[in-house]
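One structure below.
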Amino acid sequence: MSSKTLLTARLSEIFSAIQGEGLNVGSRQLFIRFALCDLRCHFCDSAHTWSVP
């Protein structure tokens, strides 16, 4: 990637929370939720991000 390459992405939200499971339990985590995902996974907890508001 050259130094002049600009990458962009549509974001739905950015938020922090305390990790509740796994090796990092109890530590603060930063979550970045991307918008316009086209995979439509049946287990997705963010279906509201599938389209533009």
Relative to the Cα centre, what is the charge dipole magnitude of the chain, using +1 at the beta carbon of each Lys and Arg, -1 at the beta carbon of each Asp and Glu, and rounding to the nearest 20 debye? 220 debye
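Can you give the local net charge around SER46? Use residues other than it whose beta-carbon is closer than 15 angstrom to its beta-carbon, Lys and Arg +1, Asp and Glu -1.
In short, 0.
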So what is the relative contact order for the chain, in percent, with contacts set as C-alpha pairs under 8 Å and at least six apart? 29 percent
For Kirkwood radius over Cα pairs in Å, the listed values are (i) 12.1; (ii) 13.5; (iii) 11.2; which was obtained by calculation from the structure presented? (ii)
Mind listing which trypsin sites (Lys or Arg not before Pro) in the chain are in a DSSP loop and have 13 or fewer other Cβ atoms within 10 Å? LYS4, ARG10, ARG40
What does the charge count near PHE34 come to, summing +1 for each Lys or Arg and -1 for each Asp or Glu among other residues with Cβ under 13 Å from its Cβ? 0
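The numbers here are math on the coordinates, done by the rules we state, and not lab data. Keep in mind that this is a model prediction, so the values were computed, not measured. Heads up, the Cβs are rebuilt from the backbone with ideal geometry, glycines too, and the neighbour counts pull from every protein chain shown.
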